[in-house]
Structures are given as C-alpha cells and as structure tokens.
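A short worksheet on the structure shown next.
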Amino acid sequence: MKPGKYDTPYKVRFQGTELDVLHKLTWAMAEAFGLDCRIGAYQGIRPLTLYDWDLDCLEAVVYCALRDPDRHHITSKTELEALARLDARLRKLRPGD
C-alpha cells in the first residue's frame, strides 16, 4: 500500500527483546501489506517508518500475543514484559485515537 499525502508517517525503533519478540510474531502479520517482511528484515539500526495501517496491524498482533502467549510462542517472562512495553509504546504513538 502506498501512503497518500495526508498519511502520517511514524518513525519507530525496535531493539533488544522487543525486536526479538516482533521477529517471532511476523507469522501473524502475513496479510499486512508486506509488514511481515519489513519487520523480519529489520535489524533495529535505524528507525522504521510506519503508517496507520502498520500500527493497526502491530497493535492487533501484540494484543493477541499478550492474551494468548503460548499460542504465539512467547516463552519467557522477559518476552512478555517486552510485549507489554511494546503495547504501551504503540498506543502512545497515536494519542488522538
């Protein structure tokens, strides 16, 4: 999907455990306009540009993973805590929603 002139870009950097957990969850982003490939290839060096539809997908995937960690292969308390931090960060990006 190509952004329009009124679409707001969000610059986000994922690192450490947050990035590891996102790499584990790319299978759940399969129909997300290539977001799964972008996250899968992302190394955490530079900020990643995301748009509203990307954030919608990430919020949904993180929400589902927090509700059912076993199904999403979240195995440690550290990963679960990273998911909770990631959920809070994603929600803060769009305060007007």
Rounded to the angstrom and largest first, Cα extents along the principal axes for the chain equal 41, 27, 25
From the Cα centre of region 1-52 to that of region 67-94, the distance in Å is 15 Å
Treating only Lys and Arg (+1) and Asp and Glu (-1) as charged, each at its beta carbon, one finds that the chain has a dipole about its Cα centre, in Debye to the nearest 20, of 380 debye
Identify all aspartates and glutamates with a Cα-Cα distance to K77 below 13 Å; exclude those on the same chain that are fewer than 8 residues away in sequence. E18
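Taking K and R as +1 and D and E as -1, what net charge do the other residues with C-beta under 12 Å from the C-beta of G16 add up to? Don't skip to the end; give the middle numbers.
Values: positive: R13, R85; negative: E18, D20, E79, E81.
With Lys, Arg at +1 and Asp, Glu at -1, the net is -2.
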So how far apart, in nm, are the two label points at R85 and K5 if each is 7 Å from Cα heading toward Cβ? 4.0 nm
Going toward the positive end of the dipole of region 11-92, with +1 on Lys and Arg Cβ and -1 on Asp and Glu Cβ, which of W53, L86, H72 do you reach last? L86
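Calculated from DSSP H runs of 4 or more alone, at -39500 (n - 2.57) each and per residue, what is the 222 nm mean residue ellipticity of the chain, nearest 500? Working shown, then result.
Numbers: 4 runs with 49 residues, N = 97.
So the helix-based figure for the chain works out to -16000 deg cm²/dmol.
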Using θ = phi - 60° and the Karplus relation 6.51 cos²θ - 1.76 cosθ + 1.60, list the HN-Hα couplings for region 66-76 in order, rounded to whole Hz, with x at every Gly or Pro. 5, 6, 9, x, 5, 5, 9, 6, 8, 9, 10
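Every number in this text was worked out from the coordinates using simple rules, so none of it is lab data. For clarity, every value in this text was computed on a predicted model and none was experimentally measured. For neighbour counting, all protein chains shown are included, and Cβ atoms are generated from backbone atoms with ideal geometry for every residue, glycine included.
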